[in-house]
Amino acid sequence: MTRAYIDAAASMQPKMAAGAVVFKDDGMNHEFTKFLGEMDNHEAEWATLEFAVEKAIEHSITSLIVYTDSKIIADSFDKNHVKHPVFRKYFDSISADLKKFDLFLISWTPRGKNRQADERAKELLYKHKEG
């Protein structure tokens, strides 16, 4: 079973965001980052989850537990419902891809246990801020 740790980092001035996913499975440790452009942190968390799902599919991962420090995301999948229209488009896109997995779970994790993804997202964000 592969574990994915995801996190996003965002800046208000200038408004930009970046995301990171760290896949771990029996000694495997792969990191991927993505500059997300202009969006707030909440949307960036959703965009990062979508990115993680795309990367998992690309690498033929079929059993995945996603750990996120976003309670909004974890609660949305627990309830199978999203109200916010911007977040809804991500939820719908991700949900459509779930049929490609044998097992897919999302679990909330404290920020401190998500440090590696947090650090990678911040590194990429700062790199883009500095030009």
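Quick look at the values:
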{"quantity": "Links that overshoot a 22 Å alpha carbon limit, given the list LYS55/LYS89; LYS24/LYS100; LYS99/LYS122", "calculated": "LYS99/LYS122"}
{"quantity": "Volume in Å³ per residue [convex hull over Cα atoms, computed for the chain]", "calculated": "101 Å³"}
{"quantity": "Distance (nanometres) between label positions extended 7 Å along Cα→Cβ at ASN80 and HIS128", "calculated": "3.4 nm"}
{"quantity": "Within the chain, helix-based [θ] at 222 nm, where runs of 4 or more DSSP H residues each add -39,500 (n - 2.57), nearest 500", "calculated": "-14000 deg cm²/dmol"}
{"quantity": "Extended-chain gain in nm, criterion 0.36 nm per residue less alpha-carbon gap, SER95 and TRP108", "calculated": "2.9 nm"}
{"quantity": "Over the chain, relative contact order from alpha-carbon pairs under 8 Å, at least 6 apart, %", "calculated": "34 percent"}
{"quantity": "Average Cα contact separation per residue, the range 57-131, under 8 Å, 6 or more apart, as relative contact order %", "calculated": "48 percent"}
{"quantity": "Alpha-carbon centroids, the range 99-114 and the range 22-89: separation in whole Å", "calculated": "8 Å"}
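Values in this text are rule-based calculations from the coordinates and carry no lab data. Because the structure is predicted, anything quoted here is derived from the model rather than measured. With ideal geometry, Cβ positions are generated from the backbone for all residues, glycine too; neighbour counts draw on all protein chains shown.
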